[in-house]
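Working notes, structure below.
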Amino acid sequence: QVLPAESGGGLVQSGSTLRLSCAAASSVFNRLAMGWYRQAPGKQRELVASITKSGITTYDESVEGRFTISKDSATNTVDLRMNSLKPDDTAVYYCNSFPPVVTAWGQGTQVTVSA
């Protein structure tokens, strides 16, 4: 199975903006919904945003109003625009379907936000 390829992370200052992108295999992208997840050091991986096939979005309360998830069905890509980044957003970010396919976790992309 082709794993998702996440990109766009980096080291930024608090208040900055980053745009993450994920290219997923059709077998993952065409499931019920796609999601962006993150895992901070010492913490469990958590869902931060999801988008259904019809475009309905949901967000964790910690990112509501700051993050925007979007998708392009023509290219099987899912993006996450992250505004007003905070140090608490520091984590490795992954994309996967929602619910996730256990065998479809990619390498993720590191986001580090300095104070």
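The values are calculated or read from the model by the stated rules, or taken from the named source; none is laboratory data. Note that the coordinates shown come from a computational prediction; the quantities given were computed from them, not determined experimentally. No Cβ is skipped: glycine too gets one built from the backbone with ideal geometry, and neighbour counts run over all protein chains shown. Accessible surface areas use protein heavy atoms only, side chains included; no ligands, DNA or RNA. Shrake-Rupley method; radii C 1.70, N 1.55, O 1.52, S 1.80 Å.
How much accessible area per residue does the stretch 1-109 have, in Å², with a 1.4 Å probe?
On a per-residue basis, the stretch 1-109 sits at 52 Å².
Just report the Cα centroid separation between the stretch 15-38 and the stretch 41-108, whole Å.
6 Å
Long-range amide H contacts for Ala33: which residues qualify at under 5 Å (H placed 1.01 Å from N, peptide plane, sequence gap of 5 or more or a different chain)?
Phe98
What dipole magnitude, in Debye to the nearest 20, does the stretch 62-109 give about its Cα centre under +1 on Lys/Arg Cβ and -1 on Asp/Glu Cβ?
Numbers: 4 positive and 5 negative charges, 6 e Å.
Computed about the Cα centre, the dipole is about 20 debye.
Can you give me the long-range amide H partners of Asp60? Hydrogens built in the peptide plane at 1.01 Å from N, cutoff under 5 Å, separation of 5 or more residues or another chain.
Amide H neighbours of Asp60: Ala49.
For the stretch 66-73, just list the computed ³J(HN,Hα) in residue order, Karplus coefficients 6.51, -1.76 and 1.60, θ = phi - 60°, integers in Hz, with x standing in for Gly and Pro.
Ordered by residue, 3J(HN,Hα) equals 10, 9, 9, 9, 8, 9, 10, 5 Hz.
For Lys86, give me every one of the lysines with a C-alpha distance below 18 angstrom, ignoring sequence neighbours fewer than eight places off in its own chain.
Lys43
If I stretch the segment between Asn83 and Ser7 completely, what's the gain in nm (0.36 nm per residue apart, minus their alpha carbon distance), one decimal?
Details: separation 76, 0.36 × 76 = 27.36 nm, distance 1.64 nm.
Additional length available on full extension: 25.7 nm.
How much of the accessible area of the chain, in percent, comes from carbon and sulfur atoms when a 1.4 Å probe is used?
Carbon plus sulfur share of accessible area: 51 percent.
Which one of Ala25, Ala74, Ala33 has the biggest mean-square fluctuation once the chain is modelled by GNM with Cα springs under 10 Å?
Ala74
Place the peptides 50-58, 76-84 in order of packing, highest mean first, counting for every residue the other Cβ atoms within 10 Å and averaging per peptide.
So the peptides 50-58, 76-84, ranked by packing, come out 76-84, 50-58.
Once phi is turned into ³J(HN,Hα) by the Karplus curve 6.51 cos²θ - 1.76 cosθ + 1.60 with θ = phi - 60°, what whole-Hz value does each residue of the stretch 19-35 show in order, with x for glycine and proline?
Rounded to whole hertz, the list is 10, 9, 9, 9, 9, 10, 5, 4, 4, 8, 4, 8, 6, 3, 7, 10, x.
Across the stretch 88-98, in residue order, what do the Karplus-derived ³J(HN,Hα) couplings come to in whole Hz, using 6.51 cos²θ - 1.76 cosθ + 1.60 with θ = phi - 60° and x for Gly and Pro?
Working through the residues one at a time gives 5, 7, 4, 4, 8, 9, 10, 10, 6, 5, 10 Hz.
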